[in-house]
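Everything on this sheet refers to the single structure shown next.
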Amino acid sequence: MRLSEPEYVTIGQILAPWGIKGKLKVEIVTDFPQRFTPCSKIYINQQPMTIDSTEWHKGKAIIKLSTIDSIEDAQRLRGQPIEIHRSQLQPLPEGQYYHFQLIGLEVQTSQGELLGNITEILTAESNDIYVVSGNRGEILIPAIEDVVKSIDLNKGRIVIEAIQGLLKLNQKAAKN
């Protein structure tokens, strides 16, 4: 485990109270929406809570927590992230990573040129895009097999093959 791995990982964001009995409307930010099933343990402000019930409305989860029973209690949680403890993470297939595992990794070319560190990951329909900040400014690296050659979490490094035009394209985009 790298030192930068967080103890808690965000899986949702409380948007607003739903109704008057303490239900919460939640934006889901996990690939595992089953984390919001009844009896699931979640954390808000690192306090453990249990989901009593879940319903779905227009792509959002409407959850009822066992300790939140009024609109006033629900209102106090507006904007809070919903998290799980790192120990609750699903193991991913080999070659797949959680975003938090990649943020901060050093990115270098297969020729050994250091480009910077991943500061953000943009999720696009076809593939993720790593935002790398370094001496050249921000560089956008598509997370595709042709470009990303290796990811080593222990060394904290990603090696990419800068396909023709990739780095020049980014430099031009930065000047505009």
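Quick notes
- nm² value of the averaged projected area, convex hull over the Cα atoms of the range 1-59: 5.0 nm²
- In plain terms, the residue of Glu72, Glu113 with the fewest other Cβ atoms within 10 Å comes first and the most crowded comes last, giving Glu72, Glu113.
- Restricting the calculation to Cα atoms, the chain yields a radius of gyration followed by a Dmax of 19.7, 60 Å.
- Mean-position separation - Cα centroids, the range 33-51 and the range 71-91, in angstrom: 7 Å
- Alpha-carbon Debye profile of the range 99-175, log10 I(q)/I(0) at 0.12, 0.14, 0.15 Å⁻¹: -0.28, -0.38, -0.44
- Neighbour counts of other Cβ atoms within 10 Å put Phe100, Phe36 in the fewest-to-most order Phe100, Phe36.
- Cα-based helix-to-principal-axis angle, 166-175 vs the chain, degrees rounded to 10: 70 degrees
- Proximal aspartates and glutamates to Lys149, defined as alpha-carbon separation beneath 13 angstrom and excluding residues fewer than eight positions away on the same chain: Glu161
Read-outs throughout are calculated quantities, based only on the coordinates presented, and are distinct from any laboratory measurement. In this text the structure is predicted, and so the values were computed from the model without any measurement. Note: ideal-geometry Cβ built from the backbone for every residue, glycine included; neighbour counts use all protein chains shown.
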